[in-house]
Amino acid sequence: MGFFSRFGLIPTPPVKRPRDLAYAAMERPPLPTLLVLAAQHAATALALLAYVLAAAHIAGLDADSTRKLVSAAIIGMALATGMQAIGGSIGAGTMLVHIPDPLIVALSGLISAEYGVGGMVLVCIVNGLAAVAASFAVPKLRAVLPPTVAGVVVCVGGLSLIEPALTHTTGLHDEGINLNDVVLGGVTLAVIVAMSIWGNRSSKLFALLTGIAVGVVLAALLGELEGGEALANTPLFGVPTLATPRLDIPITVLIAVALLAVMVQLDTFACVVLMQKMDDADWRRANMRMVGGGIRASALGTLFTAPLGGFPNAVSSANLALCHISRSTSRWIGLAVAALLLLLAFMPFLARALTLIPTAVIGAVELYAAAYLIVSGVELIASRSMDARAIFMVGLAFVAGMGVMLMPNLSALVPESVGFVARNGIVVAGVTAILLNLLFRMGSSQRNVQPLHDVDSPKELAERVTEFVESSGAAWGARRDAVRRAAQAALEAVELLQAGGTQRRPTEIRGRFDEFNLDIEIVHEGPPVALGTTPGLSADILDADDDAFDAALEQTMLQVSHNLMSRLADRVHADQRHGQSSLRLHFDH
C-alpha cells in the first residue's frame, strides 16, 4: 500500500456516506481487496479495446501498427483514469474508468486508412483541445444541463446497450443464435446477479470477476476460447514509439472530430453526475466544478497520447455498473486501475490475453450495465418535479434518440456533414433534451405569485396553497422532496395564520426558485407572527376555568403548527414591510 500512499487525493466537498457502500470515495480498501477490484475494472475496460481493434480493422492496419495503436490507447485510458481519481482541476475526484471512445471508431478507421497511424496524432490533438474547451463551458451551463438532461443521456445510453448486449450474449447472426454463447452469457449473468443480490459483503465485491472467471472456464470446456495463436505471437514486453504526424487532414474532417469530442462530453457529464449520486446519500444537484474536471481529465488523457498516435477516450458505463455491483466507489481503486493499465501498456501480451475474454461473457456484463443505466437514468429524471414542459422535453428527447436507434435510415435524411452525429442515439437524445430545455424555458419565470384574498373557506385555501407550491415546483424543475416539504410547511403556515382569527388573513402567496434556493412567502393582513417559543400546558392548567384552559390549549396547538413549520423549512422569518406582513419559508435546494 505504500506505493499508492505516495499519491495525494485532492479533497472534494464533504458528502453523506451511503450506508450500503462497502468502500466510499475516500476510503482505501485493504491491499488484496484493492488489487482484485482494480483487476475487475481493468479487465472490463481492456475488453472494450474491441473499439480500437474495430478501427484498426476498418483501416486495414498491419499487426505491428495495430499493437502500437492499442498500447497508446491503453496509456490514454490509464492517464485519464488516474487524473479522475486524483481530482482537483484535472479530474472529477471520483472513481471513473476510461475506455476508447466508441463514437469515433468509424471516423478514426477512415482517417487511419488514408493517413496511417500518424493521422491519429492530429485527431487526438483536435479532439483533446475541443474537450478542454467544453470542460470550461459546461460548468457554466447549470440551467441548460439539469439532472433531467443527465437522466435522459444515462437512460438512452443504457437502452443503446440492449442490442449489442443481446447480440453478443446470444451470438446472433443471419443463421440464428449460437447455443454455446447463450449458455456462456446466461451463466455469467446469473452468477453476477446472484452474487450481487444474495452474496455477502465480500462476495459482492468480486461478483463481476467471479462471473467472468466462470464464463471463461465454461468457454474453455465448450471449446469456445479463441485467439491462442495471436496471443502466442504477441511480445511479452513492448515500448510504445512516437508516431510520425500527418498534418494534411482536411479541415472538414477535423471539424467532425471536434464536434464528436464535444458530443461525447454529454456522456462524461452524465457519468460524473451518476457517480456523484452514488457517492452521496443526500445528493441534490450536479457539482459542475467536478463535471468540468471530469471532462478535462478525458481531454488531457487524449492530448498526452497524441505524440504516440493514440486514440480518444471516454468514460466507461460498464465500469459504472461494476461500481454498483461491488458497492465500491473508492478513488484508490481508480488509482490502482490507472497503475495496472499503465503497466499493461508496456506488456502487450497480458493486455492481449485479457481482450480474448469470450464475446458472450462481455455481453453478460453489458446486459447488467444496460439494466443499471436504464434504472439510474429513470431515477435521475424522477428526482425532479415535472410539469408539461419537462414531460415533453424528456419524452421527445427519448423519441428522437430511440428513433435514430430503431430507424437508422433516418440519418440518411440529414446532410452528410452531420450524419456521423445523427447516427448516434445518445448524442441525438442529449442534444434534443438540451435544445428543448432551452426552448421550453422561454417565457418561464423563476418567480410566481398567486392571490389568496378571494378564498372563502379554509379547505379552498389549503387546496390553492398546495396547488401553487406543487405546480410552481414542477415548472421550475425543483427536487421532489423539496417541493413536498415546501407544500407541507406552507399548509402549516396558513393554519398558523388562520388560527389568529380574521386579523391575520392570507392575501397572497409568492414563490421564488434558483438551483440552490426555494422560497415561499405568504403575505397576510394584521401583525407579523411571533415566532418565539411558547411553553406547553402545565399541570396547573387542569385546575383553571374553562376559558383559561381553552385559551392555553389553543396556544399550544398553535405552537405545534409553528414547530412543524420550522422543522420542515430550513429557515422561517416573519416581518412587516411597507405596511404588509409576511411569513417567509426558505428551503435549501
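We did not get these values from a lab; they are worked out from the coordinates using the rules stated. Computed from a predicted structure; not experimentally measured. No Cβ is skipped: glycine too gets one built from the backbone with ideal geometry, and neighbour counts run over all protein chains shown.
The table below lists the values:
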| quantity | calculated |
| --- | --- |
| Kyte-Doolittle mean at least 1.6, axial Cα span of 18 Å or more - DSSP H helices of the chain | 119-137, 179-198, 207-222, 251-279, 331-345, 359-382, 388-406, 425-441 |
| Loop GluC sites (Glu not before Pro), segment 221-284 (other Cβ atoms within 10 Å of the site Cβ: 12 or fewer; DSSP) | E226 |
| S471 versus E226: modelled label distance in nm, points set 7 Å from Cα along the beta carbon direction | 6.2 |
| Calculated on alpha-carbon atoms, Rg and Dmax of the chain in Å | 28.7, 101 |
| Neighbour-count ranking [beta-carbon atoms within 10 angstrom, fewest first] of T12, T81 | T12, T81 |
| For D575, D181, order by how many other beta-carbon atoms lie within 10 Å, fewest first | D575, D181 |
| Two-decimal Rg to Rh for segment 355-466 - Kirkwood Rh, Cα set | 1.20 |
| Cα-only Debye scattering, segment 288-431: base-10 log of I(q)/I(0) at q = 0.10 Å⁻¹ | -0.53 |
| Normalised contact order of the chain, rounded percent, pairs of Cα under 8 Å and 6 or more residues apart | 21 |
| For the chain, size of Cβ-based charge dipole, Lys and Arg +1, Asp and Glu -1, in debye | 1740 |
| When the convex hull of its Cα atoms is projected in every direction, mean area for segment 212-327 (nm²) | 11.7 |
| Diffusion constant of segment 273-330 at 25 °C, which comes from Stokes-Einstein with the Kirkwood Cα-pair radius and 0.890 mPa s, µm²/s | 187 |
| Between segment 147-173 and segment 63-84, the alpha-carbon center distance in angstrom | 25 |
| Over the chain: helical MRE at 222 nm, DSSP H runs n ≥ 4 each giving -39500 (n - 2.57), nearest 500 | -20000 deg cm²/dmol |
| Segment 147-196: Rg to Rh, with Rh as the Kirkwood radius over Cα pairs | 1.14 |
| Positive-end extreme of charge dipole, segment 32-384 - chosen from A281, S328, G60 (charges on Cβ) | A281 |
| Which of Y115, Y23 has the fewest Cβ neighbours within 10 Å, and the rest in rising order | Y115, Y23 |
